[in-house]
Amino acid sequence: MEKPLALSQIEFCNVTKLYGPVAAVKDLSLAVRQGEFLTILGPSGSGKTTALMLLAGFVAPSKGDILISGKSVAAVPSYRRDQGIVFQNYALFPHLTVRRNLEFPLEMRGVKAADRARRVEHILERVHLTDFGNRMPSQLSGGQQQRVALARALIADPPILLLDEPLGALDRNLREQMQGEIKRLHKEFGKTTICVTHDQEEALTLSDRIVVMRAGQIEQIDTPEALYDRPSTRFVANFLGEANILEGDDFKNEANAAQLSGTVAMVRPERVCIAAPAAPKRAEADKRQSVIGKVDDMTYAGPVRKYQVRVGHSMVIVREHVASGQQTFKSGEEVRLEWLRSDVRYVAV
Ligand code: ADP
Ligand code: MG
């Protein structure tokens, strides 16, 4: 159920941003609840940064309005919007120590020196950088710089936190670690957070809700689970995870009376079972669909095994958790693929 509008802390009301003839953001309407962690997910160029910069006040809308706590911020300059921002690539001041970087937002707000020092020490502790206060940003690892950027965004205790691709510059292990860190900070500080990313895993892990953007517009908005399990369009299905689109003659027996025109059937790779063609059918065969195919490729990736199976002119991806006693199939082998009818989704083309 939609929460009442009064709880929205941030509202985009039909916001458009034009660059010449190009709409970087087009008629964007979006309400963000207090304390919510909302992620804007989309491919490069879909308007994510523009949306964030509109909210931060670095970019002015061509049309529409943005409300914070119910009031238009059209006339409020960026430095008075009371938002903490982590920019893409952090934008730390290179000529200032970590401590001075952190003091800066407090100075801007006229906080007294003694109070500044106390707050800097406190936030350094929170992000586990107590021993790094006197270093220059260039003397820090990527993950440490990222934590300084987060600390700088949080230090003035703003009610809203904006993160632009906060983990984009980090390698995989560090990224996972920092995802945990960001989650912890969100729990602890409870800031309304808008995070921009093109990384689906990051979006799924961190968010209360995800907005999928495409060409300046919202394609779908929902919780991570609902978006993954019930994508409304083919674009969302493909962007958030892998999707098997069951279209054309190869799957014509799978067409369903419930299918609306303008949609295609889709099944996620982990919902597809692989078996030898002669293997006994699973229970409740009438609830399942099956096709015969030929293994094109198999890759083993630790806990999962991924098959690419050719079915007529189509390729079906199967993702199977590795378990003992499991039969495995090699390239060229014939197999039967099966999935539950209830696992098929119909997505707009
Ligand atoms: P994202 O962050 O999703 O990669 P952006 O918001 O940066 O996307 O850009 C959205 C679109 O707007 C792109 O087509 C981009 O080229 C264009 N754009 C962004 N900023 C400017 C600008 N300052 N001048 C002209 N075009 C811009
Ligand atoms: Mg961007």
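Order the peptides 104-113, 330-339 from the highest to the lowest mean number of other Cβ atoms within 10 Å of their residues.
Ranking the peptides 104-113, 330-339 by packing returns 330-339, 104-113.
Per q in 0.14, 0.21, 0.26 Å⁻¹, report the Debye log10 I(q)/I(0) for the stretch 260-348, using one uniform scatterer on each alpha carbon and no solvent.
With one equal scatterer per Cα and no solvent, log10 I(q)/I(0) is -0.50, -1.08, -1.45.
Per residue, how many Å² of accessible area does the chain show with a 1.4 Å probe?
50
Give the whole-number value, in cubic angstrom per residue, of the convex hull volume spanned by the C-alpha atoms of the stretch 86-130.
With only Cα atoms used, the stretch 86-130 gives 83 Å³ per residue.
Distances longer than 31 Å among the Cα atoms of the chain: what percent of all pairs is that?
So the portion of pairs separated by more than 31 Å is 46 percent.
In a Debye calculation with equal point scatterers on the alpha-carbon sites of the stretch 114-183 and no solvent, what is log10 I(q)/I(0) at q = 0.20, 0.23, 0.27, 0.29 Å⁻¹?
Taken in order of the listed q values, log10 I(q)/I(0) reads -0.88, -1.12, -1.38, -1.46.
What are the ³J(HN,Hα) couplings of the stretch 189-206, residue after residue, when phi is run through the Karplus curve with 6.51, -1.76, 1.60 and θ = phi - 60°? Round to Hz, x for glycine and proline.
For the stretch 189-206, the Karplus curve yields 9, x, 6, 5, 10, 10, 10, 10, 7, 10, 9, 5, 5, 4, 4, 5, 6, 8 Hz.
I need the phi-derived Karplus couplings for the stretch 211-224: 6.51 cos²θ - 1.76 cosθ + 1.60, θ = phi - 60°, integer Hz, Gly and Pro marked x.
9, 8, 9, 8, 6, x, 10, 6, 8, 6, 9, 5, 5, x
Could you sort the peptides 280-289, 231-240, 116-125 by per-residue average Cβ neighbour count (10 Å cutoff), highest mean leading?
Peptide ranking by packing, descending: 231-240, 116-125, 280-289.
With the Cα gyration tensor of the stretch 71-177 giving a ≥ b ≥ c as the square roots of its eigenvalues, does the rule (a/c under 1.5 for rounded; else a/b larger than b/c for prolate; else oblate) give rounded, prolate or oblate?
It is oblate, given that a/c is not under 1.5 and a/b is not larger than b/c.
State the percentage of accessible surface on the chain attributable to carbon and sulfur atoms; use a 1.4 Å probe and exclude ligands, DNA and RNA.
Carbon and sulfur atoms account for 51 percent of the accessible area of the chain.
Just to be sure I understand: with springs between alpha-carbon atoms less than 10 Å apart, which residue in A56, A31, A275 has the highest mean-square fluctuation in the Gaussian network model of the chain?
A275
How many nm separate the modelled label positions at H313 and K287, each set 7 Å beyond the Cα in the direction of the Cβ?
3.4
Starting from the amide H of T233, placed 1.01 Å from N in the peptide plane, find each other amide H under 5 Å away whose residue is 5 or more places distant or on another chain.
Those lying under 5 Å, H to H, from T233 are A348.
Under a 5 Å amide H to amide H cut-off, with H placed in plane at 1.01 Å, what residues pair with R33 once short-range neighbours are removed?
Residues meeting the amide H criterion: Q9.
Would you compute, for the Cα atoms of the stretch 10-151, the largest minus smallest coordinate along each principal axis and list the three values in descending order, in whole Å?
48, 31, 27
Show the residues, 5+ positions off or on another chain, whose built amide H is closer than 5 Å to the amide H of V86.
The answer is L162, L163, D164.
At what distance in nm do the modelled label points of A74 and Q139 sit from each other, each positioned 7 Å from its Cα along Cα→Cβ?
My value for the distance between the label points is 4.9 nm.
Can you list the HN-Hα couplings for the stretch 12-27, worked out from phi with the Karplus curve (6.51, -1.76, 1.60; θ = phi - 60°), rounded to whole Hz and with x for Gly and Pro?
Karplus-based 3J(HN,Hα) across the stretch 12-27 equals 8, 10, 6, 7, 10, 10, 9, 10, x, x, 8, 8, 5, 10, 10, 6 Hz.
The values are calculated or read from the model by the stated rules, or taken from the named source; none is laboratory data. Being a predicted model, the structure only gives us computed values, none of them experimental. Using ideal geometry, Cβ is built from the backbone for each residue, glycine included, and neighbour counts are taken over all protein chains shown. The area values use the complete protein model at the heavy-atom level, side chains included, leaving out ligands, DNA and RNA. Shrake-Rupley method; radii C 1.70, N 1.55, O 1.52, S 1.80 Å.
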